[in-house]
1. Highest mean first, how do 296-305, 519-528 rank when packing is the count of other Cβ atoms within 10 Å averaged over residues?
2. Pull out the extension gain between Ala493 and Val14, defined as 0.36 nm times the separation in residues minus the alpha carbon to alpha carbon distance; nm, one decimal.
3. How far apart, in nm, are two points set 7 Å out from the Cα along the Cα-to-Cβ line at Ala504 and at Tyr436?
4. Quick check on my link table: of Lys272/Lys565; Lys68/Lys229; Lys123/Lys439; Lys229/Lys272; Lys140/Lys313, which ones sit more than 24 Å apart, alpha carbon to alpha carbon?
5. What full-extension length gain, to one decimal in nm, is calculated for Glu485 and Asp225 as 0.36 nm per residue of separation minus the Cα-Cα distance?
6. Go through segment 395-500 and name the chymotrypsin sites (Phe, Trp or Tyr not before Pro) that are in a DSSP coil and have 16 or fewer other Cβ atoms within 10 Å of their Cβ.
7. Restricting attention to segment 417-512, which trypsin sites (Lys or Arg not before Pro) occupy a DSSP loop and are surrounded by at most 13 other Cβ atoms within 10 Å?
8. Sorting Trp216, Trp255 on the 10 Å Cβ count, fewest up front, what's the list?
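What follows is calculated from the coordinates using simple rules that are stated; it is not laboratory data. This one's a predicted model, so the numbers in the text were calculated from it and none came from an experiment. Virtual Cβ from ideal backbone geometry, glycine too; neighbours counted across all protein chains shown.
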Amino acid sequence: MQNVDYIVIVLYIVGIVGAGTVFANKMKNSKEMFAAGGQSPWWVSGLSAFMTMFSAGTFVVWGGIAYKYGAVAIAINLCYGVSALLVGWLLAGVWRNAGVNSASEFLQLRFGNSIVQFYTWFKGSLTLFSSGGAVYALSKIVSALMPLPAGHILADPATGYLSVPLTSIAICLIVIIIAFVGGLWAVLMTDVLQFVILTVSVVFVVPLILIEVGGWGSFVSVAPDGFLKPVAADFSGWFLLGWMTVNFFVFAGDWSFVQRWVCVPTAKDAKKSAYLIAVLYLVSPVFWMLPPLLYRAINPDADTEQAYILACKLVLPAGMMGLMVAAMASATASQATTRLNVFAGAFTEAYHRLINKGASEIQLVLAGRVITVILGLVTMAGALLIPRYGYTKFIVDINTLLYVPLFLPTVWGLFSKKIGLTACWVTTAAGFVTAYVVKFALARGGFLTEVEMLQPIVGWIAENSRIADMLGGIVMPFLILIVWELAGKRENAGWQRALTAQRAFHEQPAARIDTLPGRMVAISLVVIAVVMLGLAIVGVGQAGVLVAFSLVLFAISAVLFVILKRTDRSVNG
C-alpha cells in the first residue's frame, strides 16, 4: 500500500471512534446502553445484524474457500439467507413481543438463574474469545500489506512486516473504546457505515478484476474443473443443509441477534430486520465471493487466506485500497463490539440481580462500562492465543458442535409450556457430550476408534467428518426435547412468568424513533466521498475509479438524507 492508504486508514478509524462518542450522551440508563432504548430503526438493526456475521473470517475463511474450491463459497453464504428468512417468518416478531430487553432476561424468566449464569459465563467467554480470533485473522491480513524498515519498533523481526500481535492489541483497544463510550447506538451506527463502504468497494472490485481476467468467458476457459459448481470436496449438499440448520438457530437464539430483534420498536420491525438480512444474504454473496474466485485465474499459487485482499490490492487505486482495509478492520471490530455489548449487558444484569439490587441507572451504566473493559481484555486474549489452535479450525468446530445445544432450548422455550430448567440442562449437556464423542472419541485416533463393533461408524465419520460433526451437535438435542415434550404432563412455572412479561409489553409508538444513527451514517459517507474526490483531484492514480466511487457515495448519502427527512416529518410531526 502507499502512504495515502495509511493516512486514509488512520482517518477512518479516528472518525469511527469519534462518531461513536456522539452517542455517549444517550447512555442515560442501561436499556439505552444495551438495547438502544428499543428505538433502533428496523433497517439499522437489520444491517447491523448482517454485519455482525462479517469479520476477517468472511475474507480469510470464505474468501479462501472461494479461491480454492470456487462457487461453493457462494452457496455456503446463501445458506445464511435461507436461515434468516425462516427466522424472520417464525421467530423475530416473537422475540420482540416477549417483552424483554435481552435473551438473558428471557432465560431468567423462563428457566431461572442457574442457566443464565452458565450461558453468561460459558457462552460469553467463548464468544468473546472467538471474536479475538477474528481480530487475529484481520491483523494477519493488514500486517501482510504493511512492510516496515528493518529494526522498526512495530515490525515483526521474522517477517519484516507490521507485527500481528501488536496489530491485534491495537484493534482490540479500538473495539473497547467504541463499546465503552457509545453502547449499542454506536455499534449500530458503525455497522451501517461499514456495510455501505464494504459493499460499494466490493462492487467496484468485481468489474475491475473481471477486466484483469479478460472477461467472464476467459475466466471460465481457465477455471479448474468443477470450480463453478455449488458443492465441492467436503462441502456437500448435506453439509449445506446442516449449515442452514445450524445458522437458523444462530439467528434465532444467539444473544447478539436476539438483541437486534428486541431493540426495534415493534414486532413488525423485528420481522423486517430479519427479512432484510435474508435478502442481503440471498443476493450479496455473488458479489462478495467473486474477487477471490476470479483471482484464481490470475494467480493460482497465492496463499488462500490472502487471496481476497490480494485481489483487491491488484485493482483498487491508492486511497480506496486503504479505505477497503479500514472498512474490513472496522467490520471485524463491529462483530467484536456487538458481542462485547451483548455480554456486557448480560453481566451487568447479573451484577444488578446478584450483587447490587438497589443500583441506580447511573451506577448500572458505570458498571456496564467497567465490565465492557474487562470483557474486552478476554477478546484480546483470544486474539493472542487462538493462532496456536488455528483460527479456521476453531471457528468451524464451535459452529458445528456447540451452537445448536446452546441455542435450541432457548428457542424451544419460546413456544413450549412443558420444558423447564432440567430439560434445558440435560439438552445442553447431552449435546455437548455427543458432539465431543463424535468429534474426538470416534475420530482422529480417539479412544473409541479401536472398538470393533463401532468400526462402521468410525469409518463413516472418517469419510464424512463435516457432516458427522454437525449431526453430533444437532440430532441429540432435538431428540431429547421431542421426548421431553411428548412425555411432559405439567406446565412449567417459567412459562407463566414469560407470559406475564409478554402481556406487560406494549409496542413503542413510531413517534419515538431516533434518526440520529442514520444522520451520522449519511454525514460520514459525505466526508468519505469528499476525501476520495480530493484524492482523484490531486492525481494519486486511477482518478476515474475514485471519482465514480465518490459519486456513488454522494448518491447514497443523498437518498439517505431524503429518507430521514421524510421520516422526521411523518413520525415527529
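1. On the way: 296-305: 15.7, 519-528: 21.0.
Sorting 296-305, 519-528 by mean packing, highest first, produces 519-528, 296-305.
2. Values: separation 479, 0.36 × 479 = 172.44 nm, distance 5.03 nm.
The span from Ala493 to Val14 would gain 167.4 nm if fully extended.
3. 3.8 nm
4. Working: Lys272/Lys565 21 Å; Lys68/Lys229 13 Å; Lys123/Lys439 20 Å; Lys229/Lys272 32 Å; Lys140/Lys313 15 Å.
Pairs exceeding 24 Å: Lys229/Lys272.
5. Numbers: separation 260, 0.36 × 260 = 93.60 nm, distance 4.85 nm.
Full-extension gain reported as 88.8 nm.
6. Details: sites: Tyr403, Phe407, Trp412, Phe415, Trp425, Phe432, Tyr436, Phe440, Phe447, Trp460, Phe478, Trp484, Trp495; in loops: Phe415, Phe447.
Passing both the DSSP loop test and the Cβ count: Phe415, Phe447.
7. Details: sites: Lys417, Lys418, Lys439, Arg444, Arg466, Lys489, Arg490, Arg497, Arg503, Arg512; in loops: Lys417, Lys418, Arg444, Lys489, Arg490.
Counting only loop positions with at most 13 other Cβ atoms within 10 Å, the trypsin sites (Lys or Arg not before Pro) in segment 417-512 are Arg444, Lys489, Arg490.
8. Numbers: Trp216 10, Trp255 24.
Ordered by Cβ neighbours within 10 Å, fewest first: Trp216, Trp255.
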